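Report on the structure given below.
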Amino acid sequence: MTIALGFAATSRTMPFGVFLRWVDLLRNELWPGPTYFSESPYVVDARNQITEQYLAGDAGALLMWDLDQIPPIAEPAEGLTLLRRLESLHDHDVVGGLYHQRVEPYLPIAYKIGMEGDRELGPVPIPWEQMQIILAKRGLYQVGSVGTGSMLIQRAVLERLGQRKGFPDNPLWEAPTQASVVRNGKRTWALGEDHRFCREARDAGYKIWLDSRWESGHLGEVVRFSRDYIREQRRHEFEAAVMKPTPRKVWTPQAN
C-alpha cells in the first residue's frame, strides 16, 4: 500500500526541530509515496487542500501530519519503522497516532463519545482508568475520535465522504458549531474539524482507532509525552490518597 504524506502547513516554514526529526526518520528509509503541502494558514482550509491533492492521485492512504508534530525519533514497538507500522494498518479505516494537548492539562488526544440518552454530546477525553491500560499494553484501540495532527486515513473513507458531501465543491473538512453542551459547568458550541470528521466517518460505518504504539511530540508551551502524562496522573493519585487516607482501626491497650 502506497501512503501519501500530507503536511498541513498552516505556517510557511517547518520548525527546525521537526525538520531534523524527519531527516533522522527518513535517512535510512525513503518515503515511497507522494508528499503534499497546503497553502492556507487556516487549518480547515489546509486539510481540504491536502485532501483535494490526494484524491487527484492514486495512493492507497493519506497520512495527515501537522507541522507542530515531532515525528517519532525511535522505531515504534515490535521493531517496525513508522512507515512499516503505517503500512501494516491497511485494513483499518482511520487511525490516529498518540500525542498530547499543547496546553494544560496536556491530555492524550483520544476521545470516547459522551451520550445523554440517545443524544450524542460530543467527544469526551478517555479517563485515566482506561488510558493507563492503553499505555501499558500498547496497541490498537477502537475509540470515538482522534486528532488530525497525525492521522492515517484510507482512501475509501475520503472518497465516500467526499461523494456524500459533494467535495471539492463543498468542504469535506468542517469545523462547524453544534447544539450547545455543558461540560464542567461551561457551555460550548464548538466542534473541531477532527471530531467532526471522525463522527461523519462513524456515521458512514467506518471505525476510528488509536494506535498507542507510535507517539509524536506536540509543540506548544511544553512538549509532553505519555511518560509525563503517567507521572502526572500518579502524582494526582498519591496526593488524593494523602488528603483522604484510608481509615484504620487503632489498637488501644486494655487493663486486665
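Please list, ordered by residue number, the strands (runs of 3 or more DSSP E) wholly in the stretch 104-153 having 2 or more residues that are in contact (Cβ under 8 Å) with a residue 12 or more places away in the chain, within 17 Å of E215 (Cα to Cα) and touching a Ser or Thr at 6+ places or on another chain (Cβ under 9 Å). Break it down stepwise before answering.
Working: elements: 110-116, 119-125, 140-143.
Here the list reads 110-116, 140-143.
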Problem set entry | Qualifying positions in the stretch 78-101 - touching a Lys or Arg at 6+ places or on another chain (Cβ under 7 Å) and at pLDDT below 95 | R85, H100
Exercise. Is it fair to say E221 is part of a helix (DSSP H, G or I), surrounded by fewer than 16 Cβ atoms within 10 Å (Cβ to Cβ) and either touching a helix residue (DSSP H, G or I) at 6+ places or on another chain (Cβ under 6 Å) or at pLDDT below 90 (or both)?
Worked result: no
Exercise. Residues of the stretch 125-148 being among the polar types (S, T, N, Q) and surrounded by 12 or more Cβ atoms within 10 Å (Cβ to Cβ), which ones?
Worked result: Q130, Q132, S145, T148
For this session: Look at the stretch 200-230 and say how many of its residues are more than 11 Å from V94 (Cβ to Cβ) and not small (G, A, S).
Result: 15
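Go through the stretch 183-200 and give me each residue that's touching a Leu at 6+ places or on another chain (Cβ under 9 Å) and modelled with pLDDT under 90.
At the first step, the residues of the stretch 183-200 found to be touching a Leu at 6+ places or on another chain (Cβ under 9 Å) are 183, 197, 199-200.
Answer for the stretch 183-200, where residues must be touching a Leu at 6+ places or on another chain (Cβ under 9 Å) and modelled with pLDDT under 90: just R183.
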Problem set entry | Candidate set: the stretch 154-180, residues that are among the acidic types (D, E) and either part of a strand (DSSP E or B) or in contact (Cβ under 8 Å) with a residue 12 or more places away in the chain (or both); chosen: the one nearest to N48 (Cα to Cα) | E174
For this session: Please work out which residue is surrounded by the most Cβ atoms within 10 Å (Cβ to Cβ), limiting yourself to the stretch 1-56 and to residues that are more than 17 Å from T148 (Cα to Cα), among the aliphatic types (A, V, I, L, M) and at pLDDT 85 or above.
Result: L55
Problem set entry | All positions within the stretch 161-182 that are at pLDDT below 95 and in contact with a Gly (Cβ under 7 Å, 6 or more places away or on another chain) | A175, Q178, V181
Problem set entry | Top-ranked residue in the stretch 81-101 [being in contact (Cβ under 8 Å) with a residue 24 or more places away in the chain and in a loop (DSSP other than H, G, I, E, B); ranked as surrounded by the most Cβ atoms within 10 Å (Cβ to Cβ)] | Y99
Exercise. Can you spot a residue in the stretch 102-124 that is within 16 Å of the chain's Cα centre (by Cα), surrounded by 21 or more Cβ atoms within 10 Å (Cβ to Cβ) and farther than 18 Å from S216 by Cβ?
Worked result: yes
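The values are calculated or read from the model by the stated rules, or taken from the named source; none is laboratory data. Just so you know, these numbers come straight off a predicted model, no measurement behind them. Cβ sites come from the backbone with ideal geometry, for glycine too, and all protein chains shown count toward neighbours.
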